[in-house]
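For reference, the structure is listed below as structure tokens.
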Amino acid sequence: MGLFLLWFFFGIGIIIQAVYLLAIFGRTAWFNSSSKSSKNQNPEEGVTVLVAAHNEFHNLKTLIPKLFEQDYGKFDVMVVNDRSTDRTKRLLEEMMAIYPRLRSVTVKYTPKHVTAKKFALTLGIKVSKNDVILLTDADCMPTSNQWIRKMTAPVREDGRTFSLGFSGYAVKSSLLNRWIQFETILTALFYFSFGLWNAPFMGVGRNLCYRRSFFMDAKAFKGIWHIEGGDDDLFVNQYATGKNTAIVLDPEANTTSIPKETWKEYLVQKKRHLHAGKYYRGEDKRKIGLFPLSHGLFWIGGLGLLIYFGISQQWEQFSAVLGIILLRSFLVFRIFTSASKKVQGSATPMNILVNDFMYLGYFWVLGSVSYQAKDIQWK
């Protein structure tokens with residue numbers, strides 16, 4: 001009975017993993033960027049770049065000049081100063097004297113039963129001059145001066161409501177950073193691949209575009225005001241469809257964020273991100289959950305079979321199981337390497353095979369803790 005269960009787990013894991021790696025993630029890994037052309041109907045519609053910032057003096061000092069290097073004619077920048085106690089307000093006043101298209105609004109307090117970042121974003125969107133809103137964070141940097149043009153093109157030119165972009169993290173030489181690179185590419189494989197399959201379910205607020213008019217018609221964050229986080233993925237999860245959403249898979253349309261330096265900081269951040277997942281639609285939970293479930297079954301069954309056949313010295317069966325594990329490992333390596341090149345323009349160091357095994361504990365342990373957490377907060 002035990003041997004049957006091991007084969008059953010291993011077999012189910014192989015089948016589902018093959019579907020995800022080849023049929024789903026392969027859409028991103030082997031994406032053909034020339035397969036779609038823009039209609040180019042309204043290339044110069046105004047865009048508002050929106051940044052919600054809480055005590056982000058140092059990051060804004062670098063970001064704001066960088067934003068005004070963008071090669072796009074009609075845009076302004078709106079910074080929502082959310083209850084900052086550092087020198088953010090003075091910096092914004094000085095910057096507005098230098099950059100006439102920089103605007104700011106200040107949040108002095110957050111109403112009860114409303115989460116801080118959603119309130120800040122809502123206020124910023126309400127007072128924005130333009131209907132096309134491009135969101136990013138204060139600790140993010142556009143990877144090129146074409147960021148605005150390329151990220152907003154599906155909304156401006158093709159009539160889409162949402163365009164979903166990639167936001168990576170700066171590369172550093174540490175085990176934590178290589179895990180961050182791996183997990184960020186895996187997340188992109190999920191939401192890009194399903195988006196390319198006309199079944200979008202999330203986006204990241206560090207690089208997200210949608211229309212102000214749609215946001216207002218949807219009554220802002222109605223139904224998710226009380227949830228910490230989710231201003232990006234839950235909002236997209238509620239309203240994105242295959243018809244109204246586009247994936248922007250172009251290294252020039254990316255942003256790059258400052259990565260966490262310690263495991264403690266990273267785990268706090270990821271707990272907030274994973275917590276929002278409990279509020280996804282049921283079908284989207286299944287999209288996400290089937291991959292780690294099959295991943296776990298594959299490794300439990302595979303390692304169990306290797307141990308059993310090794311002890312009983314059944315080397316033919318041992319070799320067959322080991323061969324399947326090595327084949328999957330090769331496929332995972334190729335998928336992640338290719339996806340990194342497609343998404344970022346280059347393959348970042350991420351210890352792919354080691355981190356693939358570490359993912360066993362990451363999803364089930366941190367995911368379970370995040371699902372039940374009640375101490376989630378933005379800043």
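The values are calculated or read from the model by the stated rules, or taken from the named source; none is laboratory data. These numbers come from a predicted model, not from an experiment. So basically every Cβ, Gly included, is an ideal-geometry build from the backbone, and we count neighbours across all protein chains shown.
Answer with yes or no whether residue 148 is in contact (Cβ under 8 Å) with a residue 12 or more places away in the chain, in the same structural domain as residue 270 (by TED's automatic domain parsing), of a type in the set (Val, Ile, Thr) and over 21 Å from residue 116 (Cβ atoms). Lay out the reasoning, then the answer.
On the way: in contact (Cβ under 8 Å) with a residue 12 or more places away in the chain: yes; in the same structural domain as residue 270 (by TED's automatic domain parsing): yes; of a type in the set (Val, Ile, Thr): yes; over 21 Å from residue 116 (Cβ atoms): yes.
Yes; evaluated as a whole, the condition is true for this residue.
Given (1) small (Gly, Ala, Ser); (2) touching a Ser or Thr at 6+ places or on another chain (Cβ under 6 Å); (3) part of a helix (DSSP H, G or I), identify the lone condition not met by residue 168.
Looking at each condition in turn, residue 168 falls short on (3).
Just the residues that are more than 26 Å from residue 45 (Cβ to Cβ) and either aliphatic (A, V, I, L, M) or not in a loop (DSSP other than H, G, I, E, B) (or both), please, taken from the range 190-232.
Within the range 190-232, 190, 193, 194, 199, 224, 227 qualify.
Among the listed residues 330, 298, 363, identify the single one that is modelled with pLDDT of 95 or more and buried (at least 18 other Cβ atoms within 10 Å of the Cβ).
Working: 330 fails: buried (at least 18 other Cβ atoms within 10 Å of the Cβ); 363 fails: modelled with pLDDT of 95 or more.
Answer to the check: 298.
Give the residue, chosen from 307, 311, 325, that is within 24 Å of residue 350 (Cβ to Cβ) and not charged (D, E, K, R). Give the steps one after another, and end with the answer.
On the way: 307 fails: within 24 Å of residue 350 (Cβ to Cβ); 311 fails: within 24 Å of residue 350 (Cβ to Cβ).
When all the criteria are applied, what remains is 325.
Can we say residue 141 is touching a residue at least 24 places away in the same chain (Cβ under 8 Å) and either surrounded by fewer than 21 Cβ atoms within 10 Å (Cβ to Cβ) or within 21 Å of residue 222 (Cβ to Cβ) (or both)? Quick ask: steps written out before the conclusion?
Numbers: touching a residue at least 24 places away in the same chain (Cβ under 8 Å): yes; either surrounded by fewer than 21 Cβ atoms within 10 Å (Cβ to Cβ) or within 21 Å of residue 222 (Cβ to Cβ) (or both): yes.
Spelling it out, residue 141 is indeed touching a residue at least 24 places away in the same chain (Cβ under 8 Å) and either surrounded by fewer than 21 Cβ atoms within 10 Å (Cβ to Cβ) or within 21 Å of residue 222 (Cβ to Cβ) (or both).
Looking at 316, 265, 252, can you tell me which residue is surrounded by fewer than 18 Cβ atoms within 10 Å (Cβ to Cβ), touching a residue at least 40 places away in the same chain (Cβ under 8 Å) and in a helix (DSSP H, G or I)? Don't jump to the end; show me each part of the working.
Details: 316 fails: touching a residue at least 40 places away in the same chain (Cβ under 8 Å); 265 fails: touching a residue at least 40 places away in the same chain (Cβ under 8 Å).
Only one candidate passes the filter, namely 252.
If the requirement is being within 27 Å of residue 285 (Cα to Cα), assigned by TED's automatic domain parsing to the domain that holds residue 273 and surrounded by 20 or more Cβ atoms within 10 Å (Cβ to Cβ), which of these qualifies: 188, 199? Outline the logic, then answer.
Details: 199 fails: surrounded by 20 or more Cβ atoms within 10 Å (Cβ to Cβ).
None of the other options fit; the residue is 188.
Tell me, yes or no, whether the range 99-111 has at least one residue that is closer than 19 Å to residue 232 by Cα, of a type outside the set (Val, Ile, Thr) and in contact (Cβ under 8 Å) with a residue 12 or more places away in the chain.
no
How about the range 125-163: which of its residues are hydrophobic (A, V, I, L, M, F, W, C), assigned to a strand (DSSP E or B) and under 19 Å from residue 67 (Cα atoms)? Quick ask: steps written out before the conclusion?
The initial filter retains those residues of the range 125-163 that are hydrophobic (A, V, I, L, M, F, W, C), namely 125, 127, 132-135, 138, 140-141, 147-148, 151, 153, 155, 162.
Of the ones still in play, those that are also assigned to a strand (DSSP E or B) are 132-135, 140-141, 162.
Correct list: 132, 133, 134, 135, 140, 141.
Among 234, 249, which is the only one that is aliphatic (A, V, I, L, M) and under 16 Å from residue 117 (Cα atoms)? Don't jump to the end; show me each part of the working.
Values: 249 fails: under 16 Å from residue 117 (Cα atoms).
When all the criteria are applied, what remains is 234.
Can you tell me which condition residue 346 does not meet? The list is (1) of a type in the set (S, T, N, Q); (2) over 22 Å from residue 165 (Cβ atoms); (3) exposed (fewer than 14 other Cβ atoms within 10 Å of the Cβ), and all the others hold.
Status for residue 346: all satisfied but (2).
Take the range 168-206 and flag every residue that is closer than 22 Å to residue 229 by Cβ and of a type in the set (Ser, Thr, Tyr).
169, 184, 187, 191
For the range 106-117, indicate whether the set of residues that are within 22 Å of residue 47 (Cβ to Cβ), under 26 Å from the mean Cα position of the chain (by Cα) and charged (D, E, K, R) is non-empty. Walk me through it before giving the result.
Going through the range 106-117, the residues within 22 Å of residue 47 (Cβ to Cβ) turn out to be 117.
Narrowing the set further to residues that are under 26 Å from the mean Cα position of the chain (by Cα) leaves 117.
Next, only the ones that are charged (D, E, K, R) stay: 117.
The answer is yes; a qualifying residue exists.
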